[in-house]
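Written below as structure tokens is the structure these notes are about.
Read the figures in this text as sums done on the coordinates, not as results from a lab. For clarity, every value in this text was computed on a predicted model and none was experimentally measured. We place every Cβ from the backbone using ideal geometry, glycine too, and count neighbours over all the protein chains shown.
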Amino acid sequence: MGGIGIETRHLAFGAGLAAFAWGLSAHAAPSSSTAAPPRSAMAAHASGSFDVTLTPQGPEDKAEGSTLGRRSIEKRYHGDLDATSKGQMLTGVSDVPGSAGYVAIERVTGTLKGRRGSFLLQHTGTMSKASGYVLSVTVVPDSGAGELLGLSGKLDIKIVDGKHLYEFEYTLPEGR
């Protein structure tokens, strides 16, 4: 291969993965679920910033046309969500610069606007040289625990001037 080798592109993707995975104009698509939230559910909004560390796990699986990888995720959320998280990410990087995909699950533990508990977030993201970025980060149904029992919602992640920011639209049953 002429020009940039797969190793260099994969390293560049790894560095750019944070920008891709955690933002760049990422907006989650509306849920296709037809189930209505419980009658006593309260819609709310949370926002703030977070720090993230992605650590490669094991050797990458390289083959003609693509490279597979796995990373651990550690985050520290600040703002309305005061929490930490741990998770796992799987990546697939094409030999075509700028094209890749990832899936991830993270367990968030802490306080959301004064309510303590934990929940799971599921990430699905793709980036294409031709069509840009698509990212969806959604609360896994029925994963809320503690005072976050019944939590549902979607998280929007952006990077502004190198800082990771989140906007979280969610519902929680009232009175819990």
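Proximity of backbone amide H atoms, modeled 1.01 Å from N, is registered between E60 and no other residue at under 5 Å, excluding neighbours fewer than 5 places apart on the same chain.
Length gained on full extension, K163 to L149, computed as 0.36 nm times the residue gap minus the Cα-Cα distance: 2.0 nm.
Here T84 and E174 are evaluated by their C-beta separation; at R0 = 30 Å the FRET efficiency comes out at 0.70. Ordered by the count of other Cβ atoms within 10 Å of each Cβ, fewest first, S143, S72 give S72, S143. Applying a DSSP loop filter and a limit of 12 other Cβ atoms within 10 Å to the GluC sites (Glu not before Pro) in segment 61-154 leaves E64. What are the lysines whose alpha-carbon lies under 29 Å from the alpha-carbon of K154, with same-chain residues fewer than 8 places away excluded? Leaving aside lysines fewer than 8 places away in the same chain, those within reach of K154 are K75, K86, K113, K129, K163. Using C-alpha pairs below 8 Å separated by at least 6 residues, the relative contact order for segment 44-107 is 28 percent.
At full extension, S72 and V140 could sit 22.6 nm farther apart than now, given 0.36 nm per residue minus the alpha carbon distance.
Using DSSP to call loops (not H, G, I, E or B), can you name the trypsin sites (Lys or Arg not before Pro) in segment 87-116 whose Cβ has at most 15 other Cβ atoms within 10 angstrom? Loop-located and lightly packed - K113. Counting beta carbons within 10 Å around each of F168, F50 and listing the fewest first gives the order F50, F168. Tell me whether segment 83-128 comes out rounded, prolate or oblate; compute the Cα gyration tensor, take square roots of the eigenvalues as a ≥ b ≥ c, and use a/c under 1.5 as the rounded threshold. Prolate, since a/c reaches 1.5 and a/b exceeds b/c. Between S47 and E64, the simple label model (points 7 Å from Cα in the Cβ direction) yields a spacing of 5.0 nm.
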